[in-house]
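To start, the structure under review is shown below, and the notes come after it.
Throughout, read-outs are computed from the coordinates displayed, never taken from laboratory work. Please read all numbers here as calculations on a predicted model, not as lab measurements. Here the Cβ positions follow ideal geometry from the backbone for every residue, glycine too, while neighbour counts run over all protein chains shown.
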Amino acid sequence: MLPEYIAWYLNRPTTRNLLESMAQGTSLPTINIRDLGDLEIPIPPLDVQQKIAQIVYLLQQERILSLRLNRAHGAELAKRYTGSDGRGKNAEESTLDNSSGYDGRRSPCRFGEGDSRDTMSGRNRL
């Protein structure tokens, strides 16, 4: 029996539900080895197991490629609509901003962190 076929069978929703019903314990559910030994796994011919393993492999590859494509598409959209500097400005506007010494990034301090001075009024907070 192919390990890929066993993994596919054990990860099927119906098999997972059955295994979850066998599990005991709350913080770390376990399955008794005798109960696991009683689990009947149908054994199709080897060529069928190979086909299932190949389909599972191809589905995994499809998911990986889809994620990569979505990331690349999102990056392209961000580049197209926000500009090359990531702030929605073209190179000329970025140069003008940087001439003042301000790089457009937010302060690394978050509300309640950093010094106790109120950054809006310049007064000290209580």
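Please go through segment 23-41 and give me each residue that is in a helix (DSSP H, G or I) and among the acidic types (Asp, Glu), ordered by number.
35
Starting from segment 8-22, take each residue that is in a helix (DSSP H, G or I) and list its partners that are of a type in the set (Asp, Glu), counting only C-beta distances under 8 angstrom and pairs at least six apart or across chains.
The qualifying pairs are 22/35.
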